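Presented below is the structure to which this report refers.
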Amino acid sequence: MKFYNRHISQVIKRQEKRKPALIVTGPRQVGKTTILKHIVGESARYVTLDDPILRVNAEDNATAFIAENKPPIIIDEIQKCPQIFDYIKMKVDEDLMSGQYYLTGSHSFELMRGVTESLAGRAGIIKMLGLSLRELSQVGYSVPFLPTKTHIDEMSNGRQKKRYDELTKIVHAGSFPEIHKTESDLKDWKDYYSSYVQSYLEKDVREIIKAENMSAFIKFIKGVASLSGEQLNTTLLAEICGKSVPTVSSWLSVLEMSGHIYLLQPYANNQNKRLSKSPKLYLLDTGLLCYLSGWNTPEQLTSGARWGHIFETYVVSEILKSYYNDGEIYPPLFYYRDKDKIEIDIIIEDNKTLYPIEIKTTTSPSKAMIKNFSVLDRIHDRKRGSGAVICLYDNALTIGDEDMSISPCYI
């Protein structure tokens, strides 16, 4: 079985030197507990509040639970017993030594509420997603992505070039570590995602939203998959699953807080009132997205009508991982769309510079694909940086004065 070095380990090691508690949040099965056990080692005890007996003990007598489980300790799925946050606060206030409590959870709403109410200033927050292409390719470079010559040169030194068919297989497979531990076939892939939906999504969601009609939620999440890469339309989602718009909005919040979806916000500034105000919706794991959409093979995926949106979802998730894996939990990522329907798929804002990105499934990039980048020149208090077309042409290619065409292997 393969063990992939996770770039986020450097963030954990950095923060455990400064904070008495660390909270690692993200979807189930992305490797949160595995990486903590790898870093902390045998010196830390491990308990999981998925265990109903332990959870009841913690709920009934939190003081005894904390007294018996001395630091350093990894507590898994801590959002299932949020009352112990107060007791952890008391313990770290008695002793502010760093690296005492390592907490994980797959629903960040309860986690963040616990941090806000009890552990503010005492806990480091880390967001984690599945394996990135850099990690799968064993690239050590872990600086967040920017479409600059410096970044592309660094990635050129360490990247492993992927052919078209290799990339499409990776997009179809998804990013959960279990999928990539051993050689697997499409039956393994289907079994994994079927189990994931039943064991994790249905179970966790049922606990959070108390949904009596789970068939409506399955219709809802399939609707989310069908709309990934598009502007959020809660009315359409409500029609798909037969629920109200407020219910759909609540369910979207659950998926966002559990790290399964990402809402890419539109770029906005005070000078332009004509910009879109609706976020774009992405179901972050493309393997789960393919499973829910019925694309059971890479060939079905690339010949299907949704291939462009799924490839865009993959690129957005890879860029997002590059920021999370550097400890940045609020990445400066946006998209651009105005009332004239001029669009730019992604804008990265860094030091008052806007870096535009277009995402295409083409293998023949052209200068025409960057024509919308010039709209950013109208924003007076920002400057436009170099941009990129991220596509399936496998080399870096200059297509403008400072703009490049690159494959996902350079992200």
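Partner aspartates and glutamates whose Cα lies under 16 Å from the Cα of Lys91, excluding those fewer than 8 positions away in the same chain, are identified as Glu68, Glu117.
Note on segment 9-127: Cα Rg divided by 2.2 N^0.38 Å, N the number of residues, gives 0.94.
Within segment 166-253, the trypsin sites (Lys or Arg not before Pro) that combine a DSSP coil assignment with at most 14 other C-beta atoms in a 10 angstrom radius are Lys210.
From its DSSP helices (H runs of at least four residues, each -39,500 (n - 2.57)), the chain gives a residue-normalised ellipticity at 222 nm of -11500 deg cm²/dmol.
Under the rule a/c < 1.5 gives rounded, and otherwise a/b versus b/c splits prolate from oblate, where does segment 133-410 land using the Cα gyration tensor? Since a/c reaches 1.5 but b/c is at least a/b, the shape of segment 133-410 is classed as oblate. For segment 306-411, trypsin sites (Lys or Arg not before Pro) meeting the loop criterion (DSSP other than H, G, I, E, B) and having at most 13 other Cβ atoms within 10 Å: Lys339, Lys341, Lys352. Exposure proxy ranking for Ser228, Ser215, based on other Cβ atoms within 10 angstrom of each Cβ and starting from the fewest, stands as Ser215, Ser228.
When you restrict to C-alpha pairs under 8 Å that are six or more residues apart and normalise by the size of the chain, the relative contact order lands at 17 percent.
Of all aspartates and glutamates in the structure, the ones whose alpha carbon falls short of 15 Å from that of Lys37, not counting any fewer than 8 places away in one chain, are Glu16, Asp76, Glu77.
A short reminder: the numbers here are calculations on the coordinates, not readings from a lab. Quick caveat: nothing in here was measured; it's all calculated off a predicted structure. Note that we place each Cβ from the backbone using ideal geometry, even for glycine, and neighbour counts take in every protein chain shown.
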